[in-house]
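Written below as structure tokens is the structure these notes are about.
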Number of protein chains: 2
Amino acid sequence: MSGKHGEWVYETVEEMGARFGIRATEKLLDEQTPYQHLEVWRTERWGNLMLLDGVMMLSSLENYLYHEMMAHPALQTHPAPRNVVIIGGGDCGTLTEVLKHREVESVVQIDIDEAVTRAAERFFPELTAHNDDPRVSLRFEDGVAWMKNAPSASVDVIIVDSTDPIGPGTGLFGPDFLADCHRVLREDGIMVGQSESPFYHLPLMLDYHRAMKAAGFAERRSLLFPQPVYPGGSITGTLARKAGPLDELRPLADEVVTRYYSTALHRGLLATPPFMQEALGEV
Amino acid sequence: MSGKHGEWVYETVEEMGARFGIRATEKLLDEQTPYQHLEVWRTERWGNLMLLDGVMMLSSLENYLYHEMMAHPALQTHPAPRNVVIIGGGDCGTLTEVLKHREVESVVQIDIDEAVTRAAERFFPELTAHNDDPRVSLRFEDGVAWMKNAPSASVDVIIVDSTDPIGPGTGLFGPDFLADCHRVLREDGIMVGQSESPFYHLPLMLDYHRAMKAAGFAERRSLLFPQPVYPGGSITGTLARKAGPLDELRPLADEVVTRYYSTALHRGLLATPPFMQEALGEV
């Protein structure tokens, strides 16, 4: 805490002996939901900042990086994505990016915690502005159970926009859930999941690859991209496809306006850096 | 400070209301050189950590990202790099990467502060292990003056591996120094300079482009890459070529072993993200 400038809001990653702090001017929300501790702060320079269980989820300033990278690589790899499912994603930032794609006919979003979406409506309204799009169905229930009950071969793209593999997000990293994703995807289906930073949590990224492999996804690719509020300032999304290549992309349609993503960048990020390749060789 | 775990070493970026901390267990060096305040800490998880004037310069754990990206993109763009000059770079990490290229016949490194190199020898010996390579000449003097006095059209690649544009590094971002770089490069010469993070210091990146343009470099490209200890966890290196394209690369030779850099990634990073393109449109 400090007087003149407001107070520091920290996320500390004990296992890396590191922490990141953003100076906040006002706490806008502090709520214990049935699932997690939800905070929203007004900050000096980052707009609003949401934390879940003390972990920074998004800031107004730069959430586009993560949300674009959770949506566009998977959608541009699929030859004709019509039906999309988002697991998690309650802030609706990824949903906003998905809705930019005209070929998408339906998006079902399943986040267990309705309080996150209600907070986003208040404090990140730019991310929820399209929630009334007729293609959207918002469900507030357990994503693991939803996927278990979903019909086989019924979805083109699954996006797992989850918290870390602690708390309510844990099941979303396990082989049972991923096997259900594999089953629910159509034959040319593709999934993407947030898979942590290789600089901070390489073992978690490797575990995720192992679980995806066990679930039947033969080929996987982790794309590394910057995200300043996440530990170490970058994070990966891991793509996995039921069948077919991961490196054949459709060019981005003109109506999909982005700030970070581009087809050329996507191609480059598909080239797994050697230090990650080496680690993944053990999977 | 805290007892059990050692103490937090912070770098605070006031203008972004943000700070990054690494837990240290011991202060290994604390020296006021003629030019700057030099600290080296032993940390819990990052190996050793060097700071100059309170700004994190490098950690043992992940300095390869920055050093590879300061060396290889420029060298792989040049058709036949023989003579290389490094301005700054006293920790010798960039030098180590340059020396992996067999076609390089000479590297002159000019860092104003010999204390940095002496500290690197003690605390980052893996970076100084090749300083006795017969191709290397280390000079401890003012890089701005050195460049002013260097013969025209005498160098293939100039790498400006500088601190931020405060303190001793200030002159390295200005149009006079950059005009000297332009003059000293051969006709197919190329330069690269560290140009800050577009998330934290976009105005500095734009100023750098303006100064490069004023110095005669018609085409420039800022490559964005991760570097966890730098503000926001990523940084750019800006390439500028006297004549010729920036997007024609030689494939990396087998002997140049890297952990982050690859030719495919380099191609992708040449695709300037739209948010940076938009800002650079004003330059």
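Looking at A:Glu121, A:Glu114, A:Glu105, A:Glu126, can you tell me which residue is among the charged types (D, E, K, R), open to solvent by 20 Å² or more (accessible area, probe 1.4 Å), in the same structural domain as A:Tyr261 (by TED's automatic domain parsing) and in contact with a Cys (Cβ under 9 Å, 6 or more places away or on another chain)?
A:Glu121
Take B:Pro81 and decide whether it is open to solvent by less than 20 Å² (accessible area, probe 1.4 Å), in a loop (DSSP other than H, G, I, E, B) and touching a residue at least 12 places away in the same chain (Cβ under 8 Å).
It is true that B:Pro81 is open to solvent by less than 20 Å² (accessible area, probe 1.4 Å), in a loop (DSSP other than H, G, I, E, B) and touching a residue at least 12 places away in the same chain (Cβ under 8 Å).
Could you check segment A:14-28 and list, in sequence order, the residues that are surrounded by fewer than 17 Cβ atoms within 10 Å (Cβ to Cβ) and either in contact with a Gly (Cβ under 7 Å, 6 or more places away or on another chain) or in a strand (DSSP E or B) (or both)?
A:Thr25, A:Glu26, A:Lys27, A:Leu28, listed by residue number.
Step by step: first the residues of segment A:214-230, then only those that are within 19 Å of A:Asp161 (Cα to Cα) and open to solvent by 30 Å² or more (accessible area, probe 1.4 Å), then the one that is farthest from the other protein chains (Cβ to nearest Cβ). Which residue is that?
By that ranking, first place goes to A:Arg220.
If A:Leu270 satisfies every condition in (1) within 10 Å of chain B (Cβ to nearest Cβ); (2) surrounded by fewer than 17 Cβ atoms within 10 Å (Cβ to Cβ) but one, which is the exception?
Single failed check for A:Leu270: (2).
Which number in (1) open to solvent by 20 Å² or more (accessible area, probe 1.4 Å); (2) farther than 25 Å from B:Glu187 by Cα; (3) touching a residue at least 60 places away in the same chain (Cβ under 8 Å) marks the one condition that B:Asn131 misses?
B:Asn131 satisfies all of (1) open to solvent by 20 Å² or more (accessible area, probe 1.4 Å); (2) farther than 25 Å from B:Glu187 by Cα; (3) touching a residue at least 60 places away in the same chain (Cβ under 8 Å) except (3).
Return the total of residues in segment A:44-65 being open to solvent by 10 Å² or more (accessible area, probe 1.4 Å) and not acidic (Asp, Glu).
Number of matching residues: 11.
Given the structure, is A:Asp180 open to solvent by less than 40 Å² (accessible area, probe 1.4 Å), among the acidic types (Asp, Glu) and either in contact (Cβ under 8 Å) with a residue 60 or more places away in the chain or out of contact with any Pro (no Cβ under 8 Å at 6 or more places or on another chain) (or both)?
Here the answer is yes, as A:Asp180 does meet what is asked.
Tell me yes or no: at least one residue of segment A:214-228 is closer than 25 Å to A:Asn63 by Cβ, among the aromatic types (Phe, Trp, Tyr), in contact (Cβ under 8 Å) with a residue 40 or more places away in the chain and not in a loop (DSSP other than H, G, I, E, B).
Yes, some residue in segment A:214-228 is closer than 25 Å to A:Asn63 by Cβ, among the aromatic types (Phe, Trp, Tyr), in contact (Cβ under 8 Å) with a residue 40 or more places away in the chain and not in a loop (DSSP other than H, G, I, E, B).
Confirm whether A:Thr94 is modelled with pLDDT of 95 or more and touching a helix residue (DSSP H, G or I) at 6+ places or on another chain (Cβ under 7 Å).
Against the criterion (modelled with pLDDT of 95 or more and touching a helix residue (DSSP H, G or I) at 6+ places or on another chain (Cβ under 7 Å)), A:Thr94 qualifies.
Out of segment A:231-248, which residues are more than 12 Å from chain B (Cβ to nearest Cβ) and either in contact with a helix residue (DSSP H, G or I) (Cβ under 9 Å, 6 or more places away or on another chain) or surrounded by 23 or more Cβ atoms within 10 Å (Cβ to Cβ) (or both)?
A:Gly237, A:Thr238, A:Leu239, A:Ala240, A:Arg241, A:Lys242, A:Gly244, A:Pro245, A:Leu246, A:Glu248 - these are the residues of segment A:231-248 that are more than 12 Å from chain B (Cβ to nearest Cβ) and either in contact with a helix residue (DSSP H, G or I) (Cβ under 9 Å, 6 or more places away or on another chain) or surrounded by 23 or more Cβ atoms within 10 Å (Cβ to Cβ) (or both).
With the condition being among the polar types (S, T, N, Q), I'd like the helices (runs of 4 or more DSSP H) fully within segment A:91-196 carrying at least 1 qualifying residues.
A:93-99, A:114-123, A:125-128, A:143-149
Every residue in segment B:249-267 that is within 10 Å of chain A (Cβ to nearest Cβ) and open to solvent by 40 Å² or more (accessible area, probe 1.4 Å), please.
B:Val257, B:Arg259, B:Ala264, B:Arg267
The values are calculated or read from the model by the stated rules, or taken from the named source; none is laboratory data. Since this is a predicted model, take the numbers as computed values, not measurements. No Cβ is skipped: glycine too gets one built from the backbone with ideal geometry, and neighbour counts run over all protein chains shown. SASA here: full protein model, heavy atoms, side chains in, ligands and nucleic acids out. Shrake-Rupley method; radii C 1.70, N 1.55, O 1.52, S 1.80 Å.
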